[in-house]
Amino acid sequence: MLRLPLRFIITFALSLLTAITVTAAGDFVVVIDPGHGGKDAGALGQRTNEKSINLLVAQKLAKILREEMNDVKVHMTREGDRFVALQQRADFANSKHADIFISIHANSVGAKSPNRTKVNGAAVYTLGLDRSDANLSVAMRENEVMKLEDDYTSAYEGFDPSSTESYIVFEMMQHKNMDQSISLAESVQNQLVRYAGRKNNGVRQAPFWVLVRTSMPAILVELDFICNPTMEKYMASESGSTRLARAIYNGVERYREQGQGTKVTNKRPSRPATEEPYAEKPENTRITPAKTATASGIVYKIQFLTNPHKIARGDSRFKGLSPVDSYRDGGLYKFTYGSYSSMEEATRELAKVKKKFKDAFVIKTRDGKRIK
């Protein structure tokens, strides 16, 4: 029988309901969170560790932001190799009234996994209600750092990062910044694939503590797999870490160009011509107009798949979903299913789609265009 401490549930609920972000006019505040640090090395590779890669990429991202966005204010949860508790990271972001929060990590799989040295790819996570085994296991691994803190059960109101029961409370509420977080995650993931050349492991949802307790659009980036020696070498290299940092910056820039957060002002000259993305430039395309709309013209759809190339109708990769529409965004084709007049109707259907595509989520469209 589930017995979560009542004080944990009440404290958790109130923290989300009362969190308010106040940003000074004209400032675009970014908090960068290099995961792990100090006594917490994170995942281990053959030649380095996760905490070192996270800090390297985070420092380069901060430098690019400061050099190329005149209106940006950048703060880092740690500037060097020191331990910072998960709750302290979230509290820090909230205290800075950040516009966005970016937590940087490197992924890994268990030592007994047969694919340990072959698995690869980047993924960007937002807070969500998807408790699939794969996504939940990643969140559990990252949240385990709580146990390095003295008396962590008191500090985290009885939350146990290794117990699946503790995560059930996350299904009681939705994050107020969900749409913006997904938009930021998609922009960053797109650039990690196109610009940094990472395999596309998609935008995912999972209950990471630093995403739960932050009061602004927030993402957690898994750059690639440190357990794969080739990916580890890339992430730890000067060129690889620079390209990863630039990819995240590109994603933030495109997120702002889409009208999210504070607009870019007085942007300085960007990257040199020698650092162009790998793939072709994006096209302006539209979602196929749906038949069902609300009085305001909003149509809800379920986005379930992204791919670098167009996929023909009836393709086996759709796993029997039909009819399927698509639109192109930032160089990737994004595929949607269904047309619904309410979020409730779309959410009911989403449960069915998630049985085939665990990372599916609902989007809003109007006049054939996605609303972000």
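The values are calculated or read from the model by the stated rules, or taken from the named source; none is laboratory data. Here the structure is a predicted model, which is why all the values come from computation and not from measurement. Because the Cβ atoms are built from the backbone with ideal geometry, glycine has one as well, and the counts that use them run over all protein chains shown. All accessible areas refer to the heavy atoms of the entire protein, side chains included, with ligands and DNA or RNA removed. Shrake-Rupley method; radii C 1.70, N 1.55, O 1.52, S 1.80 Å.
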Failed criterion for Ala346 (all others in (1) more than 26 Å from Tyr195 (Cα to Cα); (2) of a type outside the set (Ser, Thr, Tyr); (3) loosely packed, with under 15 Cβ neighbours inside 10 Å hold) | (3)
Pairs where the first residue, in the stretch 71-91, is at negative phi and small (Gly, Ala, Ser) and the second is surrounded by fewer than 19 Cβ atoms within 10 Å (Cβ to Cβ) and not in a loop (DSSP other than H, G, I, E, B), C-beta under 8 Å, 6+ apart | Ala85/Ala155
Answer yes if at least one residue in the stretch 48-65 is over 21 Å from the mean Cα position of the chain (by Cα), part of a loop (DSSP other than H, G, I, E, B) and at pLDDT 95 or above, and no otherwise.
-> yes
Can you pull out the residues in the stretch 359-369 that are open to solvent by 50 Å² or more (accessible area, probe 1.4 Å) and at pLDDT below 85?
-> Arg366, Asp367, Lys369
Can you work out which of the residues in the stretch 80-96 that are open to solvent by less than 60 Å² (accessible area, probe 1.4 Å) and not in a helix (DSSP H, G or I) is farthest from Ser52 (Cα to Cα)?
-> Ala85
Run down Leu61, Leu55, Leu44 and say which single residue is among the aliphatic types (A, V, I, L, M), under 19 Å from Phe92 (Cβ atoms) and open to solvent by 10 Å² or more (accessible area, probe 1.4 Å).
-> Leu55
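Of these, Val74, Val30, which one is under 18 Å from the mean Cα position of the chain (by Cα), under 25 Å from Gly259 (Cβ atoms) and at pLDDT 95 or above? Write out each step before concluding.
On the way: Val74 fails: under 18 Å from the mean Cα position of the chain (by Cα).
Result: Val30 is the single residue among Val74, Val30 that is under 18 Å from the mean Cα position of the chain (by Cα), under 25 Å from Gly259 (Cβ atoms) and at pLDDT 95 or above.
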Are any of the residues in the stretch 243-258 at positive phi, at pLDDT below 95 and part of a loop (DSSP other than H, G, I, E, B)?
-> no
